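The values are calculated or read from the model by the stated rules, or taken from the named source; none is laboratory data. This is a predicted model, so every value here is computed, not measured. For accessibility, only protein heavy atoms count, side chains too; no ligands or nucleic acids. Shrake-Rupley method; radii C 1.70, N 1.55, O 1.52, S 1.80 Å.
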Amino acid sequence: MNNYDIKAGPKFFKAFAKFQAEALAIPKSKQGYGYKYAELKTILNLVKPLLSQNGLILMQPLQGSTIDTILVHAESGEGIVSSKNYEIVSLKGMNNYQSEGAGISYMRRYSLGCLLGIVSDEDVDATTAHVEQPKPVAKKEPAKPVAKKTAKELPVAPKDGPRKIKGKEQ
């Protein structure tokens, strides 16, 4: 729950639809942990002018460990709010302040992408690079039953003894 009295309405939706129709593809120029992504500053540099052209204001204030992403239609005050709690984690090679800053930037980027309906990274869920897939089990064909031969069908030596074929006994 957020502390804002903001509700979406027809003027907001009209402006937001225009923004989405004009929105550009976001270039994913940074590499991290096996996937490419767009930096927060790249996303903001691309979307802020388009939002402004459509009378939309973007804000991302922090409230404790919550990042609010707010998009408001400047003229009507209509808009939407998305709130996301984040945890502070320790990152290797960073002090606590650097780790918190990295986490805030990460959550701002994802919250912004979700709110605006833009993709800022590669969809790693669709790849199998990070998930070990079960190996298919080969199906064994059932063995074909071997027809048992009756005594009448078995070969029998000739009554007059073994035959000689080109110098060999048979």
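Data overview
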item: Positions within the range 56-106 being more than 27 Å from Ala15 (Cα to Cα), assigned to a loop (DSSP other than H, G, I, E, B) and not hydrophobic (A, V, I, L, M, F, W, C), in sequence order; result: Gly64, Ser65, Tyr86, Glu87, Ser90, Lys92, Gly93, Asn95
item: Conditions (1) assigned to a loop (DSSP other than H, G, I, E, B); (2) at pLDDT 90 or above; (3) open to solvent by 70 Å² or more (accessible area, probe 1.4 Å); number of the one not met by Lys18; result: (1)
item: Given (1) open to solvent by 90 Å² or more (accessible area, probe 1.4 Å); (2) modelled with pLDDT of 85 or more, index of the condition Pro61 fails; result: (1)
